[in-house]
1. Cβ contacts < 9 Å: first residue facing chain B (nearest Cβ under 7 Å) and under 17 Å from A:Arg147 (Cβ atoms), restricted to segment A:177-195; second residue of a type in the set (Lys, Arg) and open to solvent by less than 50 Å² (accessible area, probe 1.4 Å), any location; separation 6+ or different chain. Result?
2. Within segment B:20-59, can you find the residues that are under 18 Å from A:Leu178 (Cβ atoms) and open to solvent by 80 Å² or more (accessible area, probe 1.4 Å)?
3. So which of A:Arg177, A:Arg157 ends up being open to solvent by 50 Å² or more (accessible area, probe 1.4 Å) and under 17 Å from A:Ile30 (Cα atoms)?
4. Mind listing whichever residues of segment B:18-58 are within 9 Å of another protein chain (Cβ to nearest Cβ) and not in a helix (DSSP H, G or I)?
5. Is it the case, given these coordinates, that A:Asp154 is among the acidic types (Asp, Glu) and at pLDDT 95 or above?
6. Kindly indicate whether B:Met1 is surrounded by 14 or more Cβ atoms within 10 Å (Cβ to Cβ), in a loop (DSSP other than H, G, I, E, B) and among the aliphatic types (A, V, I, L, M).
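The values are calculated or read from the model by the stated rules, or taken from the named source; none is laboratory data. None of these values were measured; they are calculated from a predicted model. Please note: Cβ atoms are built from the backbone with ideal geometry, for glycine as well, and neighbour counts cover all protein chains shown. Just so you know, the surface numbers come from the protein's heavy atoms only, side chains and all, with ligands and any DNA or RNA stripped out. Shrake-Rupley method; radii C 1.70, N 1.55, O 1.52, S 1.80 Å.
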Amino acid sequence: MEPEADLIARSKKGDADAFSALVSRYEDRIFNLAHKVCAGMPAEAEDVYQETFLTAFKNLSHFRADSNLGTWLYRIASNLCWMRFRKKRAEPVVPILDQPHHHDGETDPATGAHFRDWSDGAEELARKNVLREAVETALAELPVDYRLVVVLRDIQRLSNEETAKVMKLSVAAVKSRLHRGRLFLRDRLDQAVAP
Amino acid sequence: MKCRDMLKHLSDYLDRDLDPSICRHIKSHMKGCKPCVAFISTLRKTVGVLKRQPRAVLSAGLRARLRQRLSPR
């Protein structure tokens with residue numbers, strides 16, 4: 001397999017075949033990111049996928065050789081998603097950090113009356129697609145700033161550090177958004193499995 | 001450690017990215033707090049479901065359309 005640096009150098013000279021080889025290495029990951037962030041809007045996901053590589057090709061001369069191409073492409077795709085959702089609709093408010101979990105002094109910790117544990121049945125629910133569909137719906141309700149971090153970390157499996165580079169955030173900010181996003185999704189899944 | 005104090009550490013706890021002393025406090029707290037056990041279990045499952053979301057399939061037609069747009073005219 002030709003080294004990535006060689007493909008980038010050839011692409012910068014206008015070699016379309018070299019750039020196509022780079023596209024092949026990253027397109028599935030970029031499309032998956034776009035598909036998950038643009039949940040329920042397949043046409044938007046297709047646009048983000050195509051625009052990411054068209055933008056990259058156009059701006060490849062600005063790409064620094066010591067940078068990571070995957071990070072750069074994820075950043076372009078994330079920006080394209082972000083701009084679409086900023087234009088499209090008012091963002092809902094994410095519940096404050098401790099809102100879904102407020103049983104201090106309010107319930108008997110021994111009975112756990114206010115908290116259902118559906119984790120034991122989660123595998124069966126996942127097999128039935130209940131949880132997968134609920135996650136897709138919940139992701140679409142999550143503000144895009146949080147959704148991008150959750151998708152990059154938990155679906156694309158980037159590290160906190162890699163996600164911070166893509167989003168141009170501190171690692172602390174990534175962790176904070178990830179945590180709030182996960183709490184929001186847990187809350188939504190809890191409602192989805194409610195009898 | 002109170003429930004509310006524990007909550008802010010739970011993602012780091014699940015990611016095993018937490019100071020060992022705080023981990024010990026969380027484990028100790030969970031021994032006596034059934035709601036927190038339920039909360040952590042369902043949060044862990046939520047992250048698990050996210051990680052197992054099926055990958056989106058890129059169609060051959062869409063791949064071809066991109067190549068067409070990238071090809072020199």
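1. Going by the 9 Å Cβ cut-off, the qualifying pairs are A:Leu178/A:Arg153.
2. B:Arg44, B:Arg52
3. Testing whether each residue is open to solvent by 50 Å² or more (accessible area, probe 1.4 Å) and under 17 Å from A:Ile30 (Cα atoms) leaves just A:Arg157.
4. Of everything in segment B:18-58, those that are within 9 Å of another protein chain (Cβ to nearest Cβ) and not in a helix (DSSP H, G or I) turn out to be B:Gly32, B:Cys33, B:Arg52, B:Gln53, B:Pro54, B:Arg55, B:Ala56, B:Val57, B:Leu58.
5. yes
6. yes
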